[in-house]
Amino acid sequence: MTADNLGGWPDPQPRMGFFTDTSVCIGCKACEVACKEWNAVPDDGFELLGHSYDNTGGLSANSWRHVAFIEQPVPTDVLAEAEAGPGDMRWLMMSNVCKHCTHAGCLDVCPTGSLFRTEFGTVVVQEDICNGCGYCIPACPYGVIDQRKDDGRAWKCTLCYDRVGDGLTPACAQACPTRSIQFGEVGELRERAAARVEALHGQGVGEARLYGHDPDDGVGGNGAFFLLLDEPEVYGLPPDPIVPTRDLPAMWRRAGLAGLAMAAAVVVSFLGGRP
Amino acid sequence: MKERAMVPEADFRSYYGRPVVRPPVWRHDIAAYLFTGGLAAGSALLAAGGDATGRPALRRAGRTTALGALIASTYFLINDLGRPSRFHHMLRVAKPTSPMSTGTWILSAFGGAAGAAAVAEAAPLLPGPLRRPVTVLGTAGQYGAAALAPALATYTAVLLADTATPSWHAAYPDLPLIFAGSALASGAGVGLIAAPPAQTGPARRMAVLGAALELYGAHRVETSKGILSEPYTTGRAGRLLRAGRTLTALGVAGALLGRRSRVVSALSGASLLAAALATRFGIFDGGVASAKDPRYTIVPQRERLAGSSG
């Protein structure tokens, strides 16, 4: 049970999130489909990208789950490879989603109050408030939230706020056939993830690592975090994300200094001589 | 013996070269607003200084330009919204963590003050009993607008920097200097265009000081941010910032050497305004370019991680 009441709710619920274990993802994209079905998300075009089996490309206003496909050589040690010849190829598959950050850049910068923190600790856009200012979009260190072009507003994963409020599992996790996407209380998921990565290390999968689970990282940890089998950037994730507003006090100090310089320059200009 | 394609060591890895962070969806309305917002701030300071030191031409030009630039700013800001009809949702909350919310309130307060100051320029046309109160209100508005002007000119730097857009965020210590300098130079430009040479002494000094801040800040972002300086020196952003620097130099030279000539002064003023416009668009485009290339997100983060673990 995570007691962090991020939204300051009078009746906070346990913080809910996803643990996405990419080591058991089979790339079926049931999560992408279930998300679109449940949330009535429009199509995102029908492009053929030539990126393995990925024709979605990435998270966007119209893709709230995205399955990444990476084709790469199986990592082996150099001596084994010298003996046995080049190793097999492997496919990495990973269902990406909004991270529902503890310190959410999108939420911090939203000037209308459209983005808010739910009682479950998730971050949700209120579509009746959003005026499409677009500030949340460059503020996300993961490039998740996006503007829907024909609509003007910002959209992203709600962690199925409507379902979770009724005690249901989010559509993507419900549809996942391999339990790659696990939904639950964040504290409990973190324990489960730690146990899983330990088990994989025990089975010789040394490259297994967790991403976004650490409450001390640059965004205070994610509500939706991952088990990966390679570096985060290989999956299109930032290796060391930091919420932009962390530096906001320093930014205002610099702006204040520049503003003072400006006022001083005007005073000097007008009192500095004749005519 | 096996053959194996050896690919040179890549300096970073990415997902099919796709961007990690999302480039801003803001159109050039926002770059234009950076200019008009700075112009409004610089003009408001020019008006206050001109009025306080008995230079009516500076007061008049400053007040009217501030209002004009403010109206243009409002247009650009609303036009850029995905849902322009909901512009007033900005006024639902005052949110210190959002520079856009802070800026909305600065701009709103500035707008009221600058509007009162500009309207007061029409006081002589009003019936007798109204003239005095309108003039007093205008003077109060003028000084109110001038007091808010530094905030109006510099909050936009925080607005851009408070994003994950790599080259904007990395430039946060220096962007406010550029924007403050550019706003001063714009205000000076208005004075040089609109006032007779006898009244433009302060505008010339403002031009020099503004240009110095602007050039120093631009030099810092172009040279001190490692690879995050690159987007400011290459492509369209690089061309715009170089043009801005040249136009600033021309404007300052004209302002200093053309003291006696109305025509040279006005041309210098125009050059300073064009410089401010080019600089703002250059800073805007540099940030957008840095978000489109995953290199600028991944490499600095990797270096940070290597630095903290090693």
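Please treat every number below as a calculation from the coordinates, not as lab data. As the structure is a computational prediction, the values presented were derived from the model and not from experiment. Cβ coordinates were reconstructed from backbone atoms using ideal geometry, including for glycine residues, and neighbour counts include every protein chain displayed.
Where in region A:12-31 is the amide nitrogen less than 18 Å from a point lying 7 Å along the Cα-to-Cβ axis of A:Glu191?
Within reach of a label on A:Glu191: A:14-20.
Report the Cys residues of the protein assembly as shown lacking a disulfide-compatible partner, meaning no second Cys Cβ under 4.7 Å from their Cβ.
A:Cys25, A:Cys28, A:Cys35, A:Cys101, A:Cys110, A:Cys130, A:Cys133, A:Cys140, A:Cys160, A:Cys176
So for A:Met89, B:Met100, fewest C-beta neighbours within 10 Å to most, what's the order?
A:Met89, B:Met100
Sort out for me the Cα centre separation of region B:200-251 from region A:15-45, rounded to whole Å.
Taking the Cα centre of each part, region B:200-251 and region A:15-45 sit 47 Å apart.
Taking H as built 1.01 Å from N, whose amide H comes closer than 5 Å to the amide H of A:Cys101, not counting residues under 5 places away?
A:Gly223
Would you calculate the separation in nanometres between label points at A:Arg246 and B:Arg304, each defined as 7 Å from the Cα along the Cα-to-beta-carbon direction?
0.5 nm
In degrees, nearest 10, range 0 to 90: what is the angle between the Cα axis of helix A:248-271 and the longest Cα principal axis of chain A?
In chain A, helix A:248-271 runs at an angle near 20 degrees to the longest axis.
Would you mind checking which residues have amide H under 5 Å from A:Val67's amide H? H placed 1.01 Å from N; only 5 or more apart, or other chain.
Placed amide hydrogens put A:Asn96 under 5 Å from A:Val67.
Give the long-range amide H neighbours of A:Val219: residues separated by 5 or more places, or on another chain, with amide H under 5 Å away, using H modelled in the peptide plane at 1.01 Å from N.
A:Val243
Between B:His28 and A:Asp151, what FRET efficiency comes out of the Förster formula 1/(1 + (r/R0)^6) with R0 = 22 Å and r the beta carbon distance, rounded to 0.05?
0.55
Tell me, in nm to one decimal, what length is gained between B:Thr246 and B:Thr135 on full extension, where the rule is 0.36 nm per residue of separation less the Cα-Cα distance?
Using 0.36 nm per residue and subtracting the Cα-Cα distance, I get 35.9 nm.
7 Å from Cα along Cα→Cβ at both B:Tyr216 and B:Arg18: what's the point-to-point distance in nm?
4.4 nm
Once you keep just the Cα pairs under 8 angstrom separated by 6 or more residues, what percentage relative contact order results for region A:157-246?
The value is 16 percent.
Could you check how many percent of all C-alpha pairs in region A:16-242 are farther apart than 29 Å?
Across region A:16-242, Cα pairs with separations above 29 Å total 26 percent.
Once the Cβ-Cβ distance between A:Val74 and A:Asp11 is put in as r, and R0 is 41 Å, what FRET efficiency do you end up with, to the nearest 0.05?
Given R0 = 41 Å and the Cβ-Cβ separation, E is 0.25.
Given N residues in the protein assembly as shown, what is its alpha carbon radius of gyration divided by 2.2 N^0.38 Å?
Taking N as the residue count of the protein assembly as shown, the ratio is 1.10.
Step through the residues of region B:87-94 one at a time and calculate ³J(HN,Hα) from phi using the Karplus curve (6.51 cos²θ - 1.76 cosθ + 1.60, θ = phi - 60°), rounding each to whole Hz and writing x for Gly and Pro.
Once rounded to whole Hz, the list reads 4, 6, 5, 4, 9, 5, 9, 10.
In the protein assembly as shown, what is the count of Lys pairs whose alpha carbons are under 26 Å apart, counting only pairs at least 8 residues apart or on separate chains?
The result is 14.
Can you give me the relative contact order of chain A as a percent, contacts being Cα pairs under 8 Å and 6 or more apart?
Reported as a whole number, the value is 25 percent.
Peptide A:29-35: average number of partner chain Cβ atoms within 10 Å per residue?
If you average over the peptide's residues, the count of other-chain Cβ atoms is 0.
Would you calculate, for chain B, the mean residue ellipticity at 222 nm contributed by helices, counting each DSSP H stretch of 4 or more residues as -39,500 (n - 2.57) and dividing by all residues, to the nearest 500?
Calculated mean residue ellipticity at 222 nm is -25500 deg cm²/dmol.
List the relative contact order of region B:28-305 as a percent without decimals, with contacts defined as Cα pairs under 8 Å and 6+ residues apart.
Reported as a whole number, the value is 20 percent.
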